[in-house]
1. Quick check: is even one residue across segment 439-460 assigned to a helix (DSSP H, G or I) and surrounded by 14 or more Cβ atoms within 10 Å (Cβ to Cβ)?
2. Of the residues Gly345, Gly351, Gly358, which is in a loop (DSSP other than H, G, I, E, B) and in contact (Cβ under 8 Å) with a residue 24 or more places away in the chain?
3. I'd like to know if segment 284-300 contains one or more residues that are touching a Phe, Trp or Tyr at 6+ places or on another chain (Cβ under 6 Å), farther than 30 Å from Ala529 by Cα, modelled with pLDDT under 85 and part of a loop (DSSP other than H, G, I, E, B).
4. Any residue at all in segment 529-537 that's open to solvent by less than 10 Å² (accessible area, probe 1.4 Å), over 24 Å from the mean Cα position of the chain (by Cα) and in contact (Cβ under 8 Å) with a residue 24 or more places away in the chain?
5. Considering (1) farther than 23 Å from Asn210 by Cβ; (2) modelled with pLDDT of 95 or more, say which one Trp87 fails and leave the rest.
6. Is it fair to say Ala313 is over 24 Å from Phe515 (Cβ atoms), open to solvent by 30 Å² or more (accessible area, probe 1.4 Å), of a type in the set (A, V, I, L, M) and assigned to a loop (DSSP other than H, G, I, E, B)?
7. Got a number for residues in segment 117-171 being β-branched (Val, Ile, Thr), surrounded by fewer than 22 Cβ atoms within 10 Å (Cβ to Cβ), closer than 18 Å to Asp98 by Cα and touching a residue at least 24 places away in the same chain (Cβ under 8 Å)?
8. Would you be able to tell me the number of residues in segment 258-283 that are free of Cβ contacts under 8 Å to residues at least 60 places away in the same chain and either open to solvent by 30 Å² or more (accessible area, probe 1.4 Å) or part of a strand (DSSP E or B) (or both)?
Amino acid sequence: MTSSPGTARIPVVAAACPIMAATKALATGEGIEARGAIFTRSEVVDFILDLAGYTADQPLHEKRLLEPSFGGGDFLLPIIQRLLSAWRAARPKGSALDDLSAAIRAVELHHNTFLSTHAAVVTLLKREGLAANTATALAGRWLSQGDFLLMLLEGKFDFVVGNPPYVRQELIPAPLLAEYRSRFQTMYDRADIYIPFIERSLSVLSEGGNLSFICADRWMKNRYGGPLRALIAEQFHLKIYVDMVDTPAFHTDVIAYPAITVISRGLPGTTRIAHRPTIDRVTLTTLAGLLRASALPKETGPVRELAQVTNGAEPWLLESADQMALIRRIEGDFPLLEDAGCKVGIGVATGADKEFIGNFEALDVEPDRKLPLVTTKDILTGEVQWRGQGVINPFAESGGLVNLDEYPRLRRYLVARRAVIAGRHCAQKAPTNWYRTIDRITPALAARPKLLIPDIKGEAHIVFESGELYPHHNLYYVTSDEWDLRALQAVLLSAVTRLFVATYSTKMRGGFLRFQAQYLRRIRIPRWADVPELLRRELSESAVKRDLSACNQAVFKLYGLSHEERSALGDNGE
């Protein structure tokens, strides 16, 4: 079997027909979203190359660079220009073909994108004065069309740079996903495709080599990033982290925040950190110089250093040193939220809200087959203002689904909507249970007082619900058999809780935090029995009044915060 020019051979182990068919489908698909293609601004590309040390004052023609997903050439074309400048400055005696053939290895899966960028590379090389046959030959040696995660790669690389594709697992054909899982230890839980891209890129780094990527920062803190964080902590050095919060790093908006990381193969050490740089060439060039300087200037500037950012599979804590010291102190002094008698959960997901949810009074089923439902729209003001929605409950108190023969109104209601309800994935997996909601409904939860927390918010939005409504899946809830919920509400509204969530959660566009269960469970609180009576009342009253300043002052007392620790939270002592 022969390969077309620029097309990498797939190893025999991966050449089974379903895998090849899946790869071909991704290579020929036209949806940018499905391919995970997000294009990086040129100022940011130059910044990333500077951070990696891929600069024209270095003998780049003697180095090897890998670009694992070159797309339209946002990185590749500037890389070639830097390479040519460095090569010419070295006053080469050999030919461009001999000197430069091994300098770049660049991969792209999407066939049409590969062809257009290949043509752009040839055009650039000819414009730079190379003969047409040399330009074509170099492009053929540098560029490969295929799946980076499956193709053979020879040797090690001094630089790996780029913007790996951002593709959710459900968009990857099942045979290909299974193959990725068998090859990459970091393909864990709900990991997006950029996770194995980072793992494979790290695996081919030379000693002292630098990987410099811009991609979503979710993996640095969430569950699925744990194995990759552990790998980096064990074998690599996180040298640089640049938080790109609310910066126009790409040509299109993205929901999740991107971050730039420089990871080197070598012993662990301190991490240089910068936040939210202005996207212009002068600012980014200056910042790159600071981030790569042998020593930081003594005066306060945009760059700071933190030690021990990587710690096994633990989330990376990248906030200020004084805030991290406070987090670590609280973690050492107090138990986790759920160890202190509280429970975090999420409301019901139905898989077909339009069928299972409607006006409570108008839902034509038996009275014990529906529950009043609370959604994010009901708590926008900070208090519950129920809009009258309800949810169908198909579950029996004893467990399992109710017998529809015993509930004729419920049967009639569900059968009228069967086409949609039975078409859900969960129903197709278990056809006899076609009318179940994705999550089991436990009516006793509606009757319990609880704190309701929307997933995405700029600030903590913690709402007390007295025990009448069942939470929808866009709400997390906290219940407790020990803590007074109003006092707990004050804790969760406080700056201390916001620090915990900001530290451990991923941020979204616009500065919004994810108040998800996995992050809420990271919060530490004292045991209720250890809270003095006077402070109990102070906490509860401040929450009832929704006086955030009073909540903070009471919570600072609860944790015994020093003046310095309060300052780390922005408290000026007033």
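The values are calculated or read from the model by the stated rules, or taken from the named source; none is laboratory data. All values reported here derive from a predicted model rather than from experimental measurement. Because the Cβ atoms are built from the backbone with ideal geometry, glycine has one as well, and the counts that use them run over all protein chains shown. Ligands, DNA and RNA are stripped out before the accessible areas are found, and what is left, the full protein with its side chains, is counted by its heavy atoms. Shrake-Rupley method; radii C 1.70, N 1.55, O 1.52, S 1.80 Å.
1. Yes, segment 439-460 has at least one match.
2. Gly351
3. Scanning segment 284-300 turns up no residue that is touching a Phe, Trp or Tyr at 6+ places or on another chain (Cβ under 6 Å), farther than 30 Å from Ala529 by Cα, modelled with pLDDT under 85 and part of a loop (DSSP other than H, G, I, E, B).
4. Start the filter on segment 529-537 by keeping residues that are open to solvent by less than 10 Å² (accessible area, probe 1.4 Å), which leaves 531.
In the following step, the residues that additionally are over 24 Å from the mean Cα position of the chain (by Cα) were identified as 531.
After this cut, where a residue has to be in contact (Cβ under 8 Å) with a residue 24 or more places away in the chain as well, the list is 531.
The answer is yes; a qualifying residue exists.
5. Single failed check for Trp87: (1).
6. Numbers: over 24 Å from Phe515 (Cβ atoms): no; open to solvent by 30 Å² or more (accessible area, probe 1.4 Å): yes; of a type in the set (A, V, I, L, M): yes; assigned to a loop (DSSP other than H, G, I, E, B): yes.
Considered against the rule, which asks whether it is over 24 Å from Phe515 (Cβ atoms), open to solvent by 30 Å² or more (accessible area, probe 1.4 Å), of a type in the set (A, V, I, L, M) and assigned to a loop (DSSP other than H, G, I, E, B), Ala313 comes out as no.
7. Of segment 117-171, the ones β-branched (Val, Ile, Thr) are 117, 121-123, 134, 136, 160-161, 167.
When the remaining residues are screened for being surrounded by fewer than 22 Cβ atoms within 10 Å (Cβ to Cβ), the result is 122-123, 134, 136, 167.
Pick out the ones that are also closer than 18 Å to Asp98 by Cα and you get 122, 134, 136.
Next, only the ones that are touching a residue at least 24 places away in the same chain (Cβ under 8 Å) stay: 134.
Residues in segment 117-171 being β-branched (Val, Ile, Thr), surrounded by fewer than 22 Cβ atoms within 10 Å (Cβ to Cβ), closer than 18 Å to Asp98 by Cα and touching a residue at least 24 places away in the same chain (Cβ under 8 Å): 1 in total.
8. Total satisfying the criteria: 17.
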